[in-house]
1. So which helices (runs of 4 or more DSSP H) stay within region 1-99 end to end and still have 3 or more residues that are at pLDDT below 90, open to solvent by less than 50 Å² (accessible area, probe 1.4 Å) and of a type in the set (A, V, I, L, M, F, W, C)?
2. Please name all residue pairs, on different chains or six or more residues apart, with Cβ atoms under 7 Å, provided the first residue is in region 38-50 and is free of Cβ contacts under 8 Å to residues at least 40 places away in the same chain and within 21 Å of LEU175 (Cα to Cα) and the second residue is assigned to a helix (DSSP H, G or I) and basic (Lys, Arg).
3. Given the structure, is ILE216 open to solvent by 80 Å² or more (accessible area, probe 1.4 Å) and modelled with pLDDT under 90?
4. In this structure, does ALA185 turn out to be aliphatic (A, V, I, L, M), free of Cβ contacts under 8 Å to residues at least 60 places away in the same chain and buried (at least 21 other Cβ atoms within 10 Å of the Cβ)?
5. Taking region 113-159, which residues are among the β-branched types (Val, Ile, Thr) and more than 30 Å from GLU211 (Cα to Cα)?
6. Residues of region 47-72 being under 22 Å from ILE190 (Cβ atoms) and of a type in the set (Gly, Ala, Ser), which ones?
7. Out of ILE149, ILE176, ILE190, ILE156, I need the residue that is exposed (fewer than 14 other Cβ atoms within 10 Å of the Cβ) and in a helix (DSSP H, G or I). Which one?
Amino acid sequence: MAFLQSAPEAATAVPIKLDPVSLILHASGPVFLVVWLLIVAAILVWVIAVLKVLQLARLSAQQARFEQESAHAHSPDQLFALAQRHADAPGARVVLELSRRAGTGKLLESIAKRAIVTETQRASSLMPTLSSIAAASPFIGLFGTVYGIMDAFLRIGQQKSASLPVVAPAIGEALIATAIGLFAAIPAVIAYNAINKRIDDLLAALEAASEGWVEIASLSARGIQESIPLALQRTSDRPTPVMPKG
């Protein structure tokens, strides 16, 4: 009789699927949100990494061409003409800022530093997002893990049993949340360090080259300052007209 009762129960029992996809799709509310948030973050990491690699490759190539040609510029006019020709290069944008202002070496140095700060902000775009994903993803995954463990204990209390069918789904959700958090964080950390190194190299080369550009740009200001005393000297050499006596 017991066999006859257990047979229908066995026939109607639904097998529990413990594969990752089933656990993600049938996860409890908070764990479901955490898991999909981390999946979006993991995809965003790769999108940002690809975009930044392409951007830095383009900026580095443009900067290398501009530096190669600017090495042969010995006058402000030549340098400013090259900057207009390579307007997309970071160094060219710094030189164009110098061309818009006239002044002494100190003033031009401050203008160049401000332009380099602007280039730093442009090259570092999306990097705070990458850093935030790298820092926050493990903790978001940990939140899903804690909730999954709590859910497992609640199921034990409700079912009055600690059997595998009771606790396995909740524990599986918890472990998947941790795994996806690490899957988002580890590539984010690696990508951030690699991309940040390339940004630092680009900016270091830009700062080193800007000193020479400031010197060349200051030649026009020196020429103006030297021409003013010469004009005054020529004026003072002229004979003073003598007024006729009445």
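The values are calculated or read from the model by the stated rules, or taken from the named source; none is laboratory data. Source: prediction; values computed, not measured. Note that we place each Cβ from the backbone using ideal geometry, even for glycine, and neighbour counts take in every protein chain shown. Just so you know, the surface numbers come from the protein's heavy atoms only, side chains and all, with ligands and any DNA or RNA stripped out. Shrake-Rupley method; radii C 1.70, N 1.55, O 1.52, S 1.80 Å.
1. Helices (runs of 4 or more DSSP H) meeting the threshold: 29-70.
2. Nothing qualifies.
3. So ILE216 fails the test.
4. Taking the combined requirement at face value, the residue satisfies it.
5. Listed by number, the residues that qualify are THR129, ILE133, ILE140, THR145, VAL146, ILE149, ILE156.
6. Passing the criteria: ALA49, ALA57, SER60.
7. ILE190
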